[in-house]
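J.: A single structure is presented below for examination.
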Amino acid sequence: MKRIDLRSDTVTHPSAAMKEAMCQAELGDDVWGDDPTAHAFQEEVADTLRKEASLFFPTATMANLTAILCHCQRGEEYIAADQAHCYRWEAGGAAVLGSVQPQTIDIETDGTLDLDKVASKIKPDDPHHAITRLLCIENTHYGKILPLGFMAEARRFCDRYGLKLHMDGARVFNAAVGLGVDVSTVVQHMDSVSFCLSKGLGCPMGALLVGKRELIQRAIRWRKMLGGGMRQTGMMAAAGQYALKNNVKRLADDHYNAERLAAGIQALNDPRLQLDFQATNMVFAKLAEELDGGLQEFAAGRGVTLPPGSDQRWVTHIDVHDSDIDTVLEVIREGLAANIEARPSTSKSLY
Ligand SMILES: *Cc1c(COP(=O)(O)O)cnc(C)c1O
């Protein structure tokens, strides 16, 4: 049975064509600076985002941590939303490994930050305080695209307060495609950007950190220290090259499929599965406690994998096709009609 896995866009498998590109890649030892494919890909990424340089990482978690370590010294601080991945979902790495303190701030419903609130958190120059150095924003955040105007404002704000500006752009290509602009426009005001290859772009692994040449030079040392100096990286870089060429425009299909899922949930008109919102490739819905666990089990038996918990997040991706949307909606309709027993599952984040 074909499985339709809606838990995340991280569950994708490389396509045959992507694997072929990986197999064909010219390789070398990247720690020695010898991998031509990794090298070419990093240049291509920098050009694509119109920044000076980029660096390949195994994960965006390591890329974000490295960005924070590059921008902030020990005893300094970064500001991020309390739901930001680089604060909440990265095991406190900046504090543990960098002695960099996070200052969190409530996020606005549209995924932006209220810059007046941010201003109120910036520490005065006083030996009692950590030194505020960096503002981190996330795009997309829970699928939501940050408005271009907000990012321009954030840039002016950071310049005024002498802060650097980092974008955790794990899904920045979803933002670009959703806005219908070039990705370089989305990141134009950033000092640094991280993004994932392993999500909507459909690669087996990988992320990049992008920014000024001088920052990337320092990032190479941090990456080495964090255990991220890799050898024949070209195999993964080749997957990335393939993805940038073939898997960006098609993100619009994922957004369209997410819209169809959201519309389908609404059409069910069942109080036990309530649509919260849909943005880019994500659909958020609330599942009644009495169905939690049971509905997932019912769906799993019919080839549809849903996340645990009553806070449902369904994510569309390259391995979810148009016709799968119909299948999912049909399975859910049947599941809601069936006499399902409650089987509470532990709510676990699947970011
Ligand atoms: C997934 C994600 C990350 C981390 O990516 P990994 O490559 O899984 O470490 C960082 N930020 C955001 C917003 C994410 O969604």
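J.: Criterion first (assigned to a helix (DSSP H, G or I) and within 16 Å of the ligand (Cβ to nearest atom)) does Ala237 satisfy it?
T.: Taking the combined requirement at face value, the residue satisfies it.
J.: Which of the residues that make up the range 113-162 are touching a residue at least 60 places away in the same chain (Cβ under 8 Å) and either away from the ligand (no atom under 16 Å from the Cβ) or among the basic types (Lys, Arg) (or both)?
T.: Across the range 113-162, the qualifying residues are Arg133, Lys144.
J.: Next question. Of everything in the range 155-175, what is under 21 Å from Thr61 (Cα atoms) and in contact with a strand residue (DSSP E or B) (Cβ under 6 Å, 6 or more places away or on another chain)? Give them in sequence order.
T.: Hits for the range 155-175 are Lys164, Leu165, His166, Met167, Asp168, Gly169, Ala170, Val172.
J.: Can you spot a residue in the range 99-113 that is part of a helix (DSSP H, G or I), open to solvent by less than 50 Å² (accessible area, probe 1.4 Å) and modelled with pLDDT of 95 or more?
T.: No - not one qualifying residue is present in the range 99-113.
J.: Right, something else. Taking Ala207 as the residue in question, decide whether it is in contact (Cβ under 8 Å) with a residue 60 or more places away in the chain and under 13 Å from Gln42 (Cα atoms).
T.: When the stated conditions are applied, Ala207 passes them.
J.: As an exercise: evaluate Arg88 against (1) surrounded by fewer than 18 Cβ atoms within 10 Å (Cβ to Cβ); (2) over 19 Å from the mean Cα position of the chain (by Cα) and give the number of the one condition it does not meet.
T.: (2)
J.: I've got another one for you. Out of the residues in the range 1-16 meeting the condition of being open to solvent by 50 Å² or more (accessible area, probe 1.4 Å) and of a type in the set (A, V, I, L, M, F, W, C), tell me which one is modelled with the highest pLDDT.
T.: My answer is Ala16.
J.: Another question, then. For the range 46-75, name all the residues that are under 16 Å from the mean Cα position of the chain (by Cα), polar (S, T, N, Q), surrounded by fewer than 23 Cβ atoms within 10 Å (Cβ to Cβ) and in a helix (DSSP H, G or I).
T.: Hit for the range 46-75 is Thr61, nothing else.
J.: Within the range 76-85, take every residue that is open to solvent by 10 Å² or more (accessible area, probe 1.4 Å) and within 12 Å of the ligand (Cβ to nearest atom) and give me the one that is nearest to the chain's Cα centre (by Cα).
T.: Filtering the range 76-85 for residues that are open to solvent by 10 Å² or more (accessible area, probe 1.4 Å) and within 12 Å of the ligand (Cβ to nearest atom), the one nearest to the chain's Cα centre (by Cα) comes out as His85.
The values are calculated or read from the model by the stated rules, or taken from the named source; none is laboratory data. Note that this is a predicted model, so its numbers are computed, not measured. Neighbour counts are summed over all protein chains in view; Cβ atoms, including those assigned to glycine, are modelled from backbone coordinates with ideal geometry. To get the accessible areas, we keep the full protein, side chains included, count just its heavy atoms, and leave off ligands, DNA and RNA. Shrake-Rupley method; radii C 1.70, N 1.55, O 1.52, S 1.80 Å.
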